[in-house]
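The structure appears right after this line, and notes come after that.
The values are calculated or read from the model by the stated rules, or taken from the named source; none is laboratory data. All of these numbers come straight from a predicted model, not from anything done at the bench. Here the Cβ positions follow ideal geometry from the backbone for every residue, glycine too, while neighbour counts run over all protein chains shown. We work out accessible area using only protein heavy atoms, side chains counted, and drop any ligands, DNA or RNA first. Shrake-Rupley method; radii C 1.70, N 1.55, O 1.52, S 1.80 Å.
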Amino acid sequence: MSFRNQQLFERAQQHIPGGVNSPVRAFRSVGGTPRFFAAGSGARVTDADGNSYIDYVGSWGPLILGHAHPVVVAAVQEAAARGLSFGAPTESEVEMAELLCELLPSLEMVRLVSSGTEATMSAIRLARGFTGRDLLIKFEGCYHGHSDSLLVKAGSGMLTFGNPSSGGVPADVARHTLVLDYNDSAGLEAAFAEHGSQIAAVIVEAVAGNMNLIAPRPAFLQTMRKLCSGNGSVLIFDEVMTGFRVGPQGAQGLYGVTPDLTTLGKVIGGGMPVGAFGGRRDIMARIAPLGPVYQAGTLSGNPVAVAAGLATLRLLQAGGLHELLAQRTRQLTDGLVAAAQKQGVAFSAQAIGGMFGLYFRSACPQSYAEVMTCDKDAFSRFFHAMLDAGHYFAPSAFEAGFVSAAHSEADIAATIGAAEAVFKAW
């Protein structure tokens, strides 16, 4: 039943464009009514109609410990009682910076911001200011927030400069962004051969999570590192989604490739709005007030948000947590694949740390073009059938999923069992 959800959605559409405050929350690609959540605890969420779901979205990644973890909630309550915001330095900001630099060896200095979009936007500006160049390389299917330089899609040729993929983005801004194919080392080498002296930065999701989950070919990241080093370009790893999600040192630790700058978000906020960008000291020294590249934010390093992030990151240091997370996630993907194969459904899945991808095609995709061959109608049928059975996946065939430390073996088994019933009905 979704009477209350439907009622809220109708109300929302009167004053909120599309009835949602972020397009990813809409059910446009799967149809139906978005669920309005009223509460969350551990691995479960409850909607406005009182329906309970095992949650595999986790606020799109940050809730690595599950919903309303008591230690994180207590940290937020204690911080809020001392004051919601100061617009001035606090000790907790220093502690957060120290902890991030300790956990990620590539970080020598770090600046806190309020969102992942702000982090990537600022990192690109810094890279351009540091190099004195304008050209940015990104990869099709990778999402780095909604700043103008990044809302760009490729043209008809591999080395065609980008065109705006959103209204309101000037073509003159888009022409400074070059869009290449993810996992295509040859295309990257060709781009540097032609434009190397103009390239300020390459930004990449080291593990792509915004065109569903796509694992990088090892040579792809290694080639990227070599080309950036050889041409004086800045390599930016967007670890907003992967940071502390795919491993204790993020994707850079998992694949052994060190970026010049890293952007972070999601997990470092523990459910609150926090982002960060950081990296080499000589690059970070160019940011204001030390250097000429301006970046500011009244709520940057907000004490309540930082308290949630610090509590989350400290709990993640407990031995074995990332191993447990990876084990649970593999249990889910292996079980879903087995259930689909038993019924002859074209389906594949993969897990990287606490992230996973589900694909209605026979093999896991390795590029944006391959993702586009997935059966989107089949995903929509699966999504709604699982939703009706009490299992909440992302309402899009092009989004990664997330398992939390709160998901038990019984939760995973229940989801696999529900999927078996769905596939059998097909």
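What ranking do 138-145, 296-303, 197-204 get when scored by the average of other Cβ atoms within 10 Å per residue, highest first? Mind dumping the intermediate values first?
Values: 138-145: 23.6, 296-303: 17.8, 197-204: 22.0.
By packing density, highest mean first, the sequence is 138-145, 197-204, 296-303.
Looking at this model, which pairs from LYS138/LYS376; LYS226/LYS266; LYS226/LYS376; LYS266/LYS376; LYS266/LYS342 are more than 32 angstrom apart at the alpha-carbon?
On the way: LYS138/LYS376 25 Å; LYS226/LYS266 29 Å; LYS226/LYS376 37 Å; LYS266/LYS376 27 Å; LYS266/LYS342 36 Å.
In this structure, LYS226/LYS376; LYS266/LYS342 lie more than 32 Å apart at Cα.
Accessible area of the range 226-316 with a 1.4 Å probe: how many percent of it is carbon plus sulfur? Please list the in-between numbers first.
On the way: 1710 of 2960 Å².
The C+S portion of the solvent-accessible surface of the range 226-316 is 58 percent.
What number does the chain give for Rg over Rh if you use C-alpha atoms and the Kirkwood radius? Can you show the working numbers first?
Values: Rg = 21.2 Å, Rh = 22.2 Å.
Over the Cα atoms of the chain, Rg/Rh equals 0.96.
Toward the positive end of the charge dipole of the range 1-140, about the Cα centre and with charges on Cβ (Lys, Arg +1; Asp, Glu -1), which of MET109, PRO89, SER52 goes farthest?
Comparing the listed Cα positions along the dipole, SER52 ranks first.
Could you point to the residue in ALA68, HIS195, PHE382 farthest towards the positive end of the chain's charge dipole, with +1 and -1 charges on the Cβ of Lys/Arg and Asp/Glu respectively?
Comparing the listed Cα positions along the dipole, PHE382 ranks first.
Can you list residues whose amide H is under 5 Å from HIS391's amide H, if they're 5+ apart or on another chain and H is modeled 1.01 Å from N?
Hits under the 5 Å cutoff: ILE54.
Regarding the range 368-423, what is the average projected area of its C-alpha convex hull, in nm²? Present the calculation step by step, with values, prior to reporting the outcome.
Numbers: hull surface 17.3 nm².
Mean orientational projected area (the range 368-423, Cα hull): 4.3 nm².
At 1.4 Å probe size, with every protein chain present, just tell me what the per residue accessible area of the chain comes to in Å². Don't jump to the answer; show the numbers that get you there.
Working: 17460 Å² over 426 residues.
Accessible surface, normalised per residue, equals 41 Å².
Scanning the chain for helices, which whole DSSP H stretches are 30 Å or more long along the axis (Cα) and average -0.5 or more by Kyte-Doolittle? Provide the component values of the computation, followed by the final result.
On the way: long enough: 321-342 (32 Å, -0.23).
Qualifying helices, which must be both long enough and hydrophobic enough, are 321-342.
With +1 assigned to the C-beta of every Lys and Arg and -1 to the C-beta of every Asp and Glu, and no other charges, what is the dipole magnitude of the chain about the Cα centre in debye, to the nearest 20?
Working: 30 positive and 35 negative charges, 59 e Å.
Approximately 280 debye in magnitude.
With every protein chain in place, what's the accessible area of SER408 (1.4 Å probe, Å², nearest 10)?
Accessible area of SER408: about 40 Å².
If you stretched the chain out fully between ARG4 and ALA219, how much longer would it get, using 0.36 nm times the residue separation minus the C-alpha to C-alpha distance?
On the way: separation 215, 0.36 × 215 = 77.40 nm, distance 5.03 nm.
Full extension from ARG4 to ALA219 adds 72.4 nm.
To check you understand DSSP bridge types, tell me what percent of the beta bridges within the chain (both residues inside) are antiparallel, rounded to 5. Each step should come with its number before you reach the end.
Working: 28 of 46 bridges.
Just about 60 percent of them are antiparallel.
Order 265-273, 19-27, 56-64 from most to least packed using the mean count of other Cβ atoms within 10 Å. Walk me through the numbers on the way to the answer.
Details: 265-273: 25.7, 19-27: 14.9, 56-64: 24.0.
By packing density, highest mean first, the sequence is 265-273, 56-64, 19-27.
Relative contact order, percent, of the chain when contacts are C-alpha pairs under 8 Å separated by at least 6 residues?
Details: 873 pairs, mean separation 89.4, N = 426.
Relative CO of the chain lands at 21 percent.
Name the residue farthest towards the positive end of the dipole of the chain from the options TYR182, MET272, LEU8, assuming +1 on Cβ of Lys and Arg, -1 on Cβ of Asp and Glu, about the Cα centre.
Projecting each Cα onto the dipole axis, the largest value belongs to LEU8.
Going by accessible area, probe 1.4 Å, with all protein chains left in place, what is the ranking of HIS69, HIS391, largest first? Walk me through the intermediate numbers first.
Working: HIS69 50, HIS391 10 Å².
Descending accessible area places them as HIS69, HIS391.
How high is the FRET efficiency from ALA425 to ALA318, r the C-beta distance, R0 25 Å, rounded to 0.05?
Details: r = 41 Å, r/R0 = 1.63.
Step by step, r from the Cβ atoms, then E = 0.05.
Can you give the helix-only mean residue ellipticity at 222 nm for the chain, where every DSSP H stretch with n ≥ 4 adds -39500 (n - 2.57) and the sum goes over all residues, rounded to the nearest 500 deg cm²/dmol? Provide the component values of the computation, followed by the final result.
Values: 14 runs with 164 residues, N = 426.
The per-residue figure over the chain is -12000 deg cm²/dmol.
When you take every Cα atom in the range 45-143, what is the radius of gyration, and what is Dmax, the widest Cα pair distance, in Å?
18.4, 55
Any idea what Rg and Dmax come out to for the range 281-426 if you just take the C-alpha atoms, in Å?
20.1, 63
If one computes P(r) from the Cα atoms of the range 64-198, what percent of pairs lie at distances over 23 Å? Please report the intermediate quantities before stating the final value.
On the way: 4645 of 9045 pairs.
Summing the P(r) tail past 23 Å for the range 64-198 gives 51 percent.
Note the full-extension length gain between ALA369 and LYS342 as 0.36 nm times their separation in residues minus their Cα-Cα distance, in nm to one decimal. Don't jump to the answer; show the numbers that get you there.
Numbers: separation 27, 0.36 × 27 = 9.72 nm, distance 2.76 nm.
Gain on extension, ALA369 to LYS342, equals 7.0 nm.
Take the Cα coordinates of the range 338-401, assign each an equal point scatterer, and use the Debye formula without solvent to give log10 I(q)/I(0) at q = 0.14, 0.15, 0.23, 0.28 Å⁻¹.
Results for the range 338-401 at q = 0.14, 0.15, 0.23, 0.28 Å⁻¹ read -0.39, -0.45, -1.09, -1.45.
Decide, for the range 140-273, between rounded, prolate and oblate: order the square roots of the alpha carbon gyration tensor eigenvalues as a ≥ b ≥ c, take rounded if a/c falls under 1.5, and otherwise choose prolate if a/b is larger than b/c, else oblate.
On the way: a/c = 1.83, a/b = 1.22, b/c = 1.51.
The shape class here is oblate.
For the pair SER147 and GLU102, what calculated FRET efficiency results from E = 1/(1 + (r/R0)^6), where r is the Cβ-Cβ distance and R0 = 30 Å, to the nearest 0.05? Don't jump to the answer; show the numbers that get you there.
Numbers: r = 29 Å, r/R0 = 0.97.
For R0 = 30 Å, the calculated efficiency reads 0.55.
Ignoring ligands, DNA and RNA, what percent of the 1.4 Å accessible area of the range 1-129 is carbon and sulfur? Write out the running numbers ahead of the final one.
On the way: 3540 of 6580 Å².
Carbon and sulfur atoms account for 54 percent of the accessible area of the range 1-129.
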